1. Every residue in the stretch 111-132 that is closer than 13 Å to residue 306 by Cβ and surrounded by fewer than 22 Cβ atoms within 10 Å (Cβ to Cβ), please.
2. Have a look at 238, 212 and point out the one that is more than 16 Å from ligand 2 (Cβ to nearest atom) and in the same structural domain as residue 270 (by TED's automatic domain parsing).
3. Only one of (1) within 26 Å of residue 167 (Cα to Cα); (2) within 11 Å of ligand 1 (Cβ to nearest atom); (3) surrounded by fewer than 23 Cβ atoms within 10 Å (Cβ to Cβ) is not met by residue 291, so which one is it?
4. From the list 316, 298, 277, 346, exactly one residue is closer than 25 Å to residue 385 by Cα and either within 16 Å of ligand 1 (Cβ to nearest atom) or in a loop (DSSP other than H, G, I, E, B) (or both). Which is it?
5. I'd like the residue in the stretch 158-181 that is touching a helix residue (DSSP H, G or I) at 6+ places or on another chain (Cβ under 6 Å) and more than 14 Å from ligand 1 (Cβ to nearest atom) and, out of all such residues, is farthest from residue 293 (Cα to Cα).
6. Would you check which residues across the stretch 43-78 are farther than 24 Å from residue 356 by Cα and not in a helix (DSSP H, G or I) and list them?
7. Within the stretch 353-369, how many residues turn out to be surrounded by 15 or more Cβ atoms within 10 Å (Cβ to Cβ) and more than 14 Å from residue 390 (Cβ to Cβ)?
8. Restricting to the stretch 183-197, count the residues that are near ligand 1 (Cβ under 6 Å from one of its atoms) and at positive phi.
Ligand SMILES: Nc1ncnc2c1ncn2[C@@H]1O[C@H](COP(=O)(O)OP(=O)(O)OP(=O)(O)O)[C@@H](O)[C@H]1O
Ligand SMILES: [Mg+2]
């Protein structure tokens, strides 16, 4: 039986004990009183893979999102559709389901409620404070740059156009303007000159998610390349995946590959930064640490305390995907080593509005050896949406990228 949930059920004080108990890790059986239960807050494509990996270990999965039939919901044992920015909704489901682990998959959730639930003894992955700090660019930037003294782009925060103008002249042009609460490039733009700032301010105010009324303005880093350093905090310590290189367009990931070649010195610096920032956030699980690199210089950009979209490549390039690593870390299972081979991923995007998506060309794509297509099963597209991913392995990263690109191009999203 599960010590955490038994205590939770009895109403006695609960402690975030995790699952590593002195006699070893005990896993239950789904839909039985012994079940080990994960509550996924966010049921997108990354959540779906987390659910699959959890189920492979006999974990019971409850999936939540703002809409019905989200990707992870389609395979979960149970699901709930509700607005996850409303704390009382999250609390209701947690108290009903009594999960062993609350696993956020997206940023836009009521993180204050997670902090409160953690205080009451529920286990939030990796830790409630990590989800709160990283959902807000101000929280994570101040932690990284001011507390941990990690190198970052020059930055200012601004609550009005006047403050933005002052901030931009301090960090210099060109600069990036981003709502303090946003992801996937929403509300983000680059200003080349002072005259661009009014438009950037309006764009940020419209595109931001939390309506903080605030932006961060960052000086542009002229990096040679950018990487995601997938970093996993687990029962045995901290492990790093090989660097994932990627290309972003309008702040949205299009293509990623692994391993991205780095100098020894740059890799060491990147790992040091990742270790520090994930250490400060704490808890167990996988983190996507986003870094900019020029020669041997490394800048911290931001971090996700959960699987990262650019890390989808690990579904084929690593023996354990980032989602499997997340699940192992959550459950207190060992992660001895993380072997990697050259691989690549390319997003499959819908550029049409549809409530009945269908796909042509998967047969053509899969003729290419060493190639896979994953379709996420999203029920609709508002006009632009990531609907799937093409994955490939190759003799080299260049070879894998070429194959993944050809496979992605072969697949067309249509409306029937
Ligand atoms: N200061 C900067 N200098 C140079 N490039 C930048 C800077 N800030 C952002 N970018 C570019 O824009 C991309 C998206 O920025 P960022 O990661 O901050 O936004 P995001 O909305 O959180 O995106 P995502 O959710 O996809 O990670 C970066 O990966 C990088 O390519
Ligand atoms: Mg980013």
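The values are calculated or read from the model by the stated rules, or taken from the named source; none is laboratory data. Since we're looking at a predicted model, the values are computed, not measured. Positions of Cβ are backbone-derived with ideal geometry, glycine not excepted, and every protein chain shown enters the neighbour counts.
1. The one that is closer than 13 Å to residue 306 by Cβ and surrounded by fewer than 22 Cβ atoms within 10 Å (Cβ to Cβ): 127.
2. Values: 212 fails: in the same structural domain as residue 270 (by TED's automatic domain parsing).
Only one candidate qualifies: 238.
3. Of the numbered conditions (1) within 26 Å of residue 167 (Cα to Cα); (2) within 11 Å of ligand 1 (Cβ to nearest atom); (3) surrounded by fewer than 23 Cβ atoms within 10 Å (Cβ to Cβ), the odd one out for residue 291 is (3).
4. The unique qualifying residue is 346.
5. Across the stretch 158-181, the extreme among qualifying residues is 161.
6. 57, 58, 59, 60, 61, 62, 77 - these are the residues of the stretch 43-78 that are farther than 24 Å from residue 356 by Cα and not in a helix (DSSP H, G or I).
7. Qualifying residue count for the region: 2.
8. 2
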